[in-house]
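Presented below is the structure to which this report refers.
Nothing in this text is a laboratory measurement; each read-out follows from the coordinates by a stated rule. Here the structure is a predicted model, which is why all the values come from computation and not from measurement. Heads up, the Cβs are rebuilt from the backbone with ideal geometry, glycines too, and the neighbour counts pull from every protein chain shown.
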Amino acid sequence: MGVAELGGAVLIAGVSCINAVLPAVAGYRSGDGRFLLLASANAVLSTLGAIWAWGQLPFGAPGWSAVSAPVIGFVLLVSLLVLASTLWPRPT
């Protein structure tokens, strides 16, 4: 169990969960499926982060929930890029 891995997994879960809200609302209001796909991708990343965080806790989590720091760093970069893509202003 590493503190860095646990912190990264919790950060992935939190950022992705927060980032799923705005595309879900936009998809609901506009009916555009692209927003719902983006919200679904963030929900999957959030679930993955939660599974990894569970794997880092000393509660006897299954072996398939363990992850290493490089993988968490890569997925954290992906979740931050997805967040940046939703926050970047549209050209007018």
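Return one number: the angle in degrees, 0 to 90 and rounded to the nearest 10, between the long axis of the Cα atoms of helix 33-56 and the longest principal axis of the Cα atoms of the chain.
10 degrees
From the gyration tensor of the Cα coordinates in the chain, what semi-axes in whole Å does the equivalent ellipsoid have, largest first, with each one equal to sqrt(5λ)?
On the way: eigenvalues 165, 36, 14 Å².
With the √(5λ) rule applied to the chain, the semi-axes are 29, 13, 9 Å.
What do you get for chymotrypsin sites (Phe, Trp or Tyr not before Pro) in the range 3-92 restricted to DSSP loop and a cutoff of at most 14 other Cβ within 10 Å of the site's Cβ?
PHE59
With label points built 7 Å along Cα→Cβ from the Cα atoms of THR92 and LEU80, find their separation and express it in nm.
About 2.9 nm separates the two model spin labels.
For SER30 and VAL10 in the same chain, what is the full-extension length gain: residue separation times 0.36 nm, less their Cα-Cα distance, in nm?
Details: separation 20, 0.36 × 20 = 7.20 nm, distance 3.10 nm.
Gain on extension, SER30 to VAL10, equals 4.1 nm.
What does the extension gain come out to for SER40 and LEU22, with contour length at 0.36 nm per residue minus their alpha carbon separation?
Working: separation 18, 0.36 × 18 = 6.48 nm, distance 1.16 nm.
So the extension gain works out to 5.3 nm.
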